[in-house]
Structures are given as structure tokens and as C-alpha cells.
1. Spot the failing condition for residue 157; the list is (1) over 16 Å from residue 96 (Cα atoms); (2) open to solvent by less than 30 Å² (accessible area, probe 1.4 Å), and only one is missed.
2. Go through segment 113-133 and count every residue that is touching a residue at least 40 places away in the same chain (Cβ under 8 Å) and either assigned to a loop (DSSP other than H, G, I, E, B) or not hydrophobic (A, V, I, L, M, F, W, C) (or both).
3. So, in segment 99-124, how many residues would count as being of a type in the set (A, V, I, L, M, F, W, C), within 13 Å of residue 149 (Cα to Cα) and either open to solvent by 20 Å² or more (accessible area, probe 1.4 Å) or out of contact with any helix residue (DSSP H, G or I) (no Cβ under 8 Å at 6 or more places or on another chain) (or both)?
4. Just to be sure, is residue 250 aliphatic (A, V, I, L, M), open to solvent by less than 30 Å² (accessible area, probe 1.4 Å) and modelled with pLDDT of 90 or more?
5. Are there strands (runs of 3 or more DSSP E) fully within segment 238-326 with at least 3 residues that are within 40 Å of the chain's Cα centre (by Cα) and of a type outside the set (Val, Ile, Thr)? List them.
6. Only one of (1) within 27 Å of residue 235 (Cα to Cα); (2) of a type in the set (Ser, Thr, Tyr); (3) open to solvent by 10 Å² or more (accessible area, probe 1.4 Å) fails for residue 295. Which number is that?
7. For segment 263-301, how many residues meet the condition of being in contact with a Phe, Trp or Tyr (Cβ under 6 Å, 6 or more places away or on another chain) and among the hydroxyl-bearing types (Ser, Thr, Tyr)?
8. Which of the residues spanning segment 169-180 are assigned to a helix (DSSP H, G or I) and either within 15 Å of the chain's Cα centre (by Cα) or within 15 Å of residue 305 (Cβ to Cβ) (or both)?
Amino acid sequence: MRKQMEGDNQRRRALARQAREQGRQPSETGASLSASKQLTSLDRGKRVGPPPAGVRHKPDSTRGGPSPPQAGAPTNPRPQVAPGVNTGGTTTMGYHALVDDVRRRAGVDFRTAKVGAEATVLVLAFALDEAERRRLLAAVPTSLRDVLPVDGIKQRRDVSGFLAEVGRISGNTPEEARYQAEATLAALADADGDLVESLRVPDGLRELLEPTPVGGGVVGANTSTAPLTEAELTAVLADMPYWSGGSEGLHRVVALPADNLDRVLDRIERLQQENGRAPTIARPGPTAAVLTVRSTRAGAVTAQDVDLARQVDAAIDEAGAGMANG
């Protein structure tokens with residue numbers, strides 16, 4: 001033991017002398033430590049690798065490596081409700097009760113009613129001015145406004161565009177979208193009539209808020225979804241000589257040379273873009289076409305179909321006049 005201490009001391013003195021010759025303090029080389037600690041200190045100075053366990057260091061943001069991504073904002077954020085917005089007296093509506101009311105009115109299952117109600121509320125919200133939009137969204141259940149399509153919502157302030165957008169989001173035809181939109185708006189009106197009545201809905205959409213009359217409502221054909229009665233059908237057919245049929249549908253046959261017929265049918269198909277509906281077209285031959293109007297959801301002829309049949313007549317007359325002038 002004594003020999004080891006003497007050897008350590010000799011080494012310590014040699015290190016101190018070497019440090020002084022280099023213009024350094026002995027403590028910088030570990031020569032001032034006791035013999036029992038000197039070698040440990042020198043070995044530790046040469047050690048490489050991570051710091052001992054338990055020693056924490058703050059992360060160095062200047063070191064290499066990818067930085068965490070910045071939080072991004074969605075390109076088409078869902079409409080938000082501002083806190084404290086006056087909702088016209090109603091702050092909440094029962095979600096299940098509201099959707100079930102839509103289901104009952106539209107004659108669909110709960111899931112279909114939910115999707116249709118969501119689409120109607122969102123498309124209506126984007127058709128309103130910002131203040132009105134916030135009032136509407138603050139009043140309806142969160143589940144009806146919390147899902148925004150990936151490709152966003154287009155602002156539609158006319159009936160045909162509105163129904164086309166509702167149908168696009170809900171995966172339904174414009175005709176089906178009309179049933180769901182009317183059912184949703186009627187259910188909202190029952191839940192909070194003051195809110196719906198006070199909303200500044202664009203004039204082009206006001207007809208969707210009109211209550212559905214009892215019966216077919218043939219006089220001044222409107223958006224009623226009720227099937228026409230037999231008496232109403234008889235009155236319709238008496239006033240529309242080019243049409244025939246019954247409760248299963250109204251039909252009109254158009255017979256023209258092939259080129260002229262194609263021109264007429266092109267004009268009729270444009271009704272789909274103009275009002276969201278067009279007749280079903282069958283081609284039994286190159287010079288004949290059978291046009292049929294019928295409400296699929298109602299399973300019968302409604303006042304909407306009468307209105308569409310009259311639009312078809314007007315489109316045929318328009319196309320015929322164009323051919324005569326050409």
C-alpha cells in the first residue's frame with residue numbers, strides 16, 4: 001500500500017511539473033487531486049459517450065435534424081359559432097328528436113335523415129350572411145354542423161343550386177334532396193319557429209320554407225310532396241292535352257325526326273341544371289321518346305310533377321321555335 005502511494009505521489013509531482021512547463025495550473029490536469037482520485041479524474045476526462053444516467057440536459061435547438069411541423073390551418077374550416085351569439089331565444093335543440101322528426105317527415109331511415117339534415121343545415125348556413133349563419137349554427141345541435149366535406153361547401157342561393165349541393169353532400173338526387181331539405185327546415189321550424197322565421201333567407205330559397213299544404217295542391221303547383229288525389233289527377237290531365245297516365249306517373253310522347261328530337265331532348269335535359277329535376281326519358285326508337293314525371297320518394301304523382309310537366313311543355317315549345325327560326 002505504501003509503495004502504491006509513493007508511486008502515485010511521484011506521478012502526481014510529474015504531472016504538476018509538466019503542467020507548469022506548459023503554463024497551466026496543476027489542477028487543470030488533475031495533479032492537485034489526492035492520489036486516490038487522480039487517475040479516476042484523468043480517466044473521466046478522456047471518457048467519451050453519453051453523460052451518466054440521471055443527468056438531464058436541455059435540448060439544443062441549434063443542433064441538426066428536422067424541426068417539428070408548424071400547426072397548419074385547414075383550407076376549408078368548418079363554420080364556427082361565436083360565443084355569446086343571440087340565437088333568438090333557443091340555444092339547444094334535441095338532436096335525436098330533431099333527426100327523428102326529419103325521418104318521419106321524409107319517410108326515410110334515421111341514418112339517411114341524419115345525413116340529409118346535416119347537408120341541409122350546412123348548405124343553408126353558407127347561403128346566409130355571416131351574422132345569420134352564426135345564429136343558425138348556434139341554435140342547431142352540434143352534430144348537425146360539425147362535419148364538413150373535404151372539398152368544402154359551395155354557396156347556393158337558388159333552389160336548383162341549393163338542392164344540387166345538398167344532394168352532392170348527402171349522396172342523393174336533387175329530387176331526394178328536396179324531400180330531405182323541406183323535412184329538415186320544417187322540423188327546425190317546429191323546434192324553433194321564431195329562429196327560422198327571423199332568418200334572412202335569400203329570396204331564391206324562400207319556397208323551401210313554405211309549409212306543405214294538405215292534399216296535392218294542384219292550384220298554383222308548388223313544392224308539396226303529397227300525392228295528388230284522383231280528382232286532382234283528372235283535372236290535371238284535362239288541362240294538359242299532351243300528357244296521359246295516372247297515379248303511377250304522367251307520360252308524354254314526342255315524335256320528331258332524329259336530329260330534331262335530339263335537339264329537343266337536349267333542351268329538356270337542361271331542366272336538371274335549372275331546377276334540380278328533369279323527366280325520365282325513354283327512347284323506343286330513333287324518332288320517338290317517352291317522357292315520364294313521377295316523384296320516386298312519394299311513389300306517386302305530386303304537385304311538383306305537374307309543375308315539371310309544364311316546364312317540359314315550355315322547353316319543347318322553346319326548342320321547336322328555335323328549329324323553326326333556324
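The values are calculated or read from the model by the stated rules, or taken from the named source; none is laboratory data. Remember, predicted model here, so these are calculated numbers, not experimental data. Note: ideal-geometry Cβ built from the backbone for every residue, glycine included; neighbour counts use all protein chains shown. Heavy atoms of the whole protein, side chains included, go into the accessibility calculation; ligands, DNA and RNA do not. Shrake-Rupley method; radii C 1.70, N 1.55, O 1.52, S 1.80 Å.
1. (2)
2. Here is the first cut: in segment 113-133, the ones touching a residue at least 40 places away in the same chain (Cβ under 8 Å) are 113, 115-129, 132-133.
If we keep only those that are either assigned to a loop (DSSP other than H, G, I, E, B) or not hydrophobic (A, V, I, L, M, F, W, C) (or both) as well, we get 116, 118, 120, 128-129, 132-133.
The total comes to 7.
3. Residues that pass the stated criteria total 1.
4. Working: aliphatic (A, V, I, L, M): yes; open to solvent by less than 30 Å² (accessible area, probe 1.4 Å): yes; modelled with pLDDT of 90 or more: yes.
Yes.
5. Values: elements: 244-246, 249-255, 280-285, 288-293.
Hits in segment 238-326: 249-255.
6. So residue 295 meets the others, but not (3).
7. Result for segment 263-301: 0.
8. Quick first cut of segment 169-180, residues assigned to a helix (DSSP H, G or I) only: 169-170, 174-180.
Once the filter is applied, which keeps residues that are assigned to a helix (DSSP H, G or I) and either within 15 Å of the chain's Cα centre (by Cα) or within 15 Å of residue 305 (Cβ to Cβ) (or both), segment 169-180 yields 169, 170, 174, 175, 176, 177, 178, 179.
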